[in-house]
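Worksheet: one structure, shown below.
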Amino acid sequence: MNFKKFNVLLSELSNKKVLITTHDQVDLDGFASCLLLKYFLKTYYKNIEVHLFFSSISNFTLNFISKLKSLFSDMVILEENNKKYYNIEFLIILDTNNLNQVVLPESIKKVDVNIPFIFIDHHFKPNHDLVNNLVEYNIIVDEFTSTAEIIFEICKHYQILIPINFRYLILAAIYTDTGGFKYANNQTFHKISELLDDDIDYQELLTLLQKESDYSKKIAIIKGLQRLEIIKSHDWLIGLSHVSSYTSSVASIMLQIGFDVSIVYSKTSSNYRITTRAKKEICSQTGLHLGKILSEIKEGEGGGHDGAASLNGENSFDSTLNIILEKINKTLNNI
Ligand SMILES: [Mn+2]
């Protein structure tokens, strides 16, 4: 990571009122990153005013927070959410670089955000031109497996010690964003070993991360598998299906049962979401990059990683799906 620009940004922020936020339906990575960045800024500049805003928090994240609180009873986590958002001078958006996935507090204008802002994220997206986005200060590191790792590197660079409860949060963020280390790389494990000290028991972390069984998710997965369409491309198998929610869970399960690529969509009368997944080996063998493919689609906002990407759109669903399938097909037949 290059800290030259971040240094300049930091000095800009010293006397500003800063708001940190993340995507809607906050997951553990978004949540941990926001908390850690606030902790960093408050430790670095004693007098800086930093606020957090979470539009809505996923059940899984809430469940983890309540378990973490039982370990650290004095931990203040969801303090002044939804308050004091007036006269914010600088906005930092974490764990997404797509404004469509962000819900901002009412005091900040959503269309053409009316204050300067930056993204800090680990999802691939070509540079975009957004009003008030200070593009040169965006930090997009798509070889990192989570945004929490980016903030962790920032803390390390400025020699800010990270307390144990925050280390639990970062570890949980990395664990969930890598699908239990399935999408991890060597660097991920280096960071994990720095974070896991004698005071953190890995098995205890796993207990905190245990999911409550979710009935509607089970139904979505079963229905998604019933509606499966098998598409052969070269020697690869693409699975296509649709559900009303849990598209990413269904897409991941499809890889587990044998598909090389999975495409799962959910559609209402006004909009749609297309979630795609691909096995690592198919990406490295064929150069398939789902994030790039989806970010190139004009009808909708898409992006992500080589093996996991999604797109949100409102118009031309059929042609969008066809274009995605065609582009995947073309890549798989190009070897
Ligand atoms: Mn993330």
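Key figures
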quantity: Residue count for the stretch 107-152, restricted to those that are of a type in the set (Asp, Glu) and in contact with a Phe, Trp or Tyr (Cβ under 9 Å, 6 or more places away or on another chain); calculated: 1
quantity: Matching residues in the stretch 128-185 - criterion: being in a helix (DSSP H, G or I), away from the ligand (no atom under 16 Å from the Cβ) and farther than 26 Å from Glu89 by Cα; calculated: Lys156, Ile164, Asn165, Phe166, Arg167, Tyr168
quantity: Hey, Ile20 of a type outside the set (Lys, Arg), within 16 Å of the ligand (Cβ to nearest atom), in contact with a helix residue (DSSP H, G or I) (Cβ under 8 Å, 6 or more places away or on another chain) and under 17 Å from Ile154 (Cα atoms) or not; calculated: yes
quantity: Any chance Leu171 is within 27 Å of His289 (Cβ to Cβ) and not acidic (Asp, Glu); calculated: no
quantity: Meets criteria (modelled with pLDDT of 90 or more and open to solvent by 10 Å² or more (accessible area, probe 1.4 Å)) for Lys16; calculated: yes
quantity: All positions within the stretch 186-203 that are outside any helix (DSSP H, G or I) and loosely packed, with under 13 Cβ neighbours inside 10 Å; calculated: Asp197, Asp198, Asp199, Asp201
quantity: Identity of the residue in the stretch 24-49, open to solvent by 10 Å² or more (accessible area, probe 1.4 Å) and closer than 21 Å to Glu153 by Cβ, that ends up nearest to the ligand (Cβ to nearest atom); calculated: Asp27
quantity: Hey, Asp112 free of Cβ contacts under 8 Å to residues at least 40 places away in the same chain and assigned to a loop (DSSP other than H, G, I, E, B) or not; calculated: yes
quantity: Residue within the stretch 232-253 that is open to solvent by 10 Å² or more (accessible area, probe 1.4 Å), touching a residue at least 12 places away in the same chain (Cβ under 8 Å) and among the charged types (D, E, K, R) present; calculated: no
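The values are calculated or read from the model by the stated rules, or taken from the named source; none is laboratory data. For clarity, every value in this text was computed on a predicted model and none was experimentally measured. All Cβ positions, glycine included, derive from the backbone under ideal geometry; neighbour counts span all protein chains shown. The protein model used for the area step is the full one, side chains on, heavy atoms only, and it has no ligands, DNA or RNA in it. Shrake-Rupley method; radii C 1.70, N 1.55, O 1.52, S 1.80 Å.
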